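The values are calculated or read from the model by the stated rules, or taken from the named source; none is laboratory data. Bear in mind the structure is a predicted one, so any value in this text is a computation, not a measurement. Note: ideal-geometry Cβ built from the backbone for every residue, glycine included; neighbour counts use all protein chains shown.
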Amino acid sequence: MDALIVDDSSTMLLRLRILLAQEHDVGVTTFTDPSAALIEAQTRAFDLVLVDQHMPEMDGVTFIHRMRTIPHYAQVPIVMVTSDASDTIRLAALEAGATDFLDKATKGVELAVRLRNQIRLAAAVRQLDDEAASLASEVETAVRHLREREEEIIFRLALAVEYRDNETGDHTWRVARYSQIIAESLGLEPELCRRIYLAAPLHDVGKVAVPDGILLKKGRLDDAEMETIRTHAAIGSRILGGSASELIQLAAEIAEAHHEKWDGSGYPNGWSGEAIPLAARIVAVADVYDALTTARPYKDAMAMEEALRCIQAEAGRHFDPACVVAFTARWLDIVSVGNVAVTTRAKLLGRSTEAWARVPELLREVLHRQGAMQPAT
């Protein structure tokens, strides 16, 4: 336990130091200058503070008031040591935050006992603080684990959806990262950027209801098939809607509105401009860009620079102009994400706490690799 004594009287400092030093495990620091003591208290956590009332530069009441403004001294016992027994001084000290008083004229034995009681109180306060800090740490750890599990579940669900029409997990990861980059470029709060990153992978969750014959068709879709596949936005909203989780609520907004267009020509609701949720406007840019730069059975991949020009050309029609500006401003980061393959991504993430680090490769990727290793028959 550490005790702080502040008194301009060297005699009183010595007397109190000797009495405190007699107690087991009490370290004592003394100051005759209250301003210097306050500076020291900013960086040290004393368990007990004794302060004189009458000092030339700063009285004890002022000192106590300033000590209580230091966050880690909110509960620490602070005792005024004074020979002034007036009610005015005592009331002022109590209002400033004093815990108790010690009379300088108190006899040696009584003073020692009163100090011992203050040490016991300080020890109890410290124990409570330690227990509270430990509990807070446990709660923080539990909350972090819950958030990690929530993130992991979302990414695994997104991969399950993507498994139906995509050979790797890259699309889901890239759309998430592109969306996060755009959100950051827009200057959104870090926590919202994180939630957009986590919610974006569920943008196509409604595709679980689209028949394979349409979803996996290699040729161009006819009008009826296009109408069917466009139902995935409303279906995704129904799948994710009504959740108590803010993250899932955000994912529901994205799933429903990521095919809406700035000029109102999108689906399923024909929303336009800022009536479209911001997160959906962000994901719309990320999703279309990744679709343009990814090879599919029915098309080749477009060069990144060409895809960028396509995105820019659609600002104010398909896309929110501000999102396009934000996307362009972080172009080098976008290119960097686009050049990261699944296996490289896994190595980069390593054992990090990012959700993707805990998501395994798609089963068919593993089976495909195993099949390639089998000897020809």
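Residue-by-condition table, conditions (1) at pLDDT below 85; (2) farther than 28 Å from Asp130 by Cα; (3) over 36 Å from the mean Cα position of the chain (by Cα); (4) hydroxyl-bearing (Ser, Thr, Tyr):
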| site | (1), (2), (3), (4) |
| --- | --- |
| Asp8 | yes, yes, yes, no |
| Ser86 | yes, yes, yes, yes |
| Ala98 | no, no, yes, no |
| Thr106 | yes, yes, yes, yes |
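The residue of region 18-39 that is modelled with the highest pLDDT, among those that are exposed (fewer than 15 other Cβ atoms within 10 Å of the Cβ) and in contact with a strand residue (DSSP E or B) (Cβ under 7 Å, 6 or more places away or on another chain), is Gly27.
Of the helices (runs of 4 or more DSSP H) lying entirely inside region 220-336, the ones with 2 or more residues being farther than 26 Å from Glu151 by Cβ, free of Cβ contacts under 8 Å to residues at least 40 places away in the same chain and assigned by TED's automatic domain parsing to the domain that holds His203 are found at 223-229, 304-313, 321-329.
Counting only residues that are in a loop (DSSP other than H, G, I, E, B) and of a type in the set (A, V, I, L, M), region 65-98 holds 5 of them. The residues of region 225-243 that are among the hydrophobic types (A, V, I, L, M, F, W, C) and either within 15 Å of Gly213 (Cα to Cα) or modelled with pLDDT under 90 (or both), listed by number, are Met226, Ile229.
Looking at the structure I just gave you, is Met55 crowded, with 18+ Cβ neighbours inside 10 Å and in a loop (DSSP other than H, G, I, E, B)? Answer is yes for this residue.
Taken over region 256-293, the criterion of being of a type in the set (Ser, Thr, Tyr) and over 32 Å from the mean Cα position of the chain (by Cα) is satisfied by Ser265, Tyr267. Would you check if Phe101 is under 17 Å from Leu16 (Cβ atoms), free of Cβ contacts under 8 Å to residues at least 24 places away in the same chain and either among the small types (Gly, Ala, Ser) or not in a loop (DSSP other than H, G, I, E, B) (or both)? Judged against the criteria, Phe101 is a match. Checked against (1) over 22 Å from Thr11 (Cβ atoms); (2) touching a strand residue (DSSP E or B) at 6+ places or on another chain (Cβ under 9 Å), Asp59 meets all criteria but (1).
The C-beta contact set for region 118-140 (first residue within 27 Å of Leu20 (Cα to Cα), second residue outside any helix (DSSP H, G or I) and of a type in the set (D, E, K, R), distance under 7 angstrom, 6+ apart or interchain) comprises Gln118/Asp100; Ile119/Glu23; Ala122/Asp47; Arg126/Asp47. Examine region 133-147 for a residue that is under 25 Å from Leu202 (Cβ atoms) and surrounded by 15 or more Cβ atoms within 10 Å (Cβ to Cβ), and state whether such a residue exists. Among the residues of region 133-147, at least one is under 25 Å from Leu202 (Cβ atoms) and surrounded by 15 or more Cβ atoms within 10 Å (Cβ to Cβ), which makes the answer yes. Check region 111-122 and report whether any residue there is farther than 20 Å from Met1 by Cα, assigned by TED's automatic domain parsing to the domain that holds Arg15 and hydrophobic (A, V, I, L, M, F, W, C). No: zero hits.
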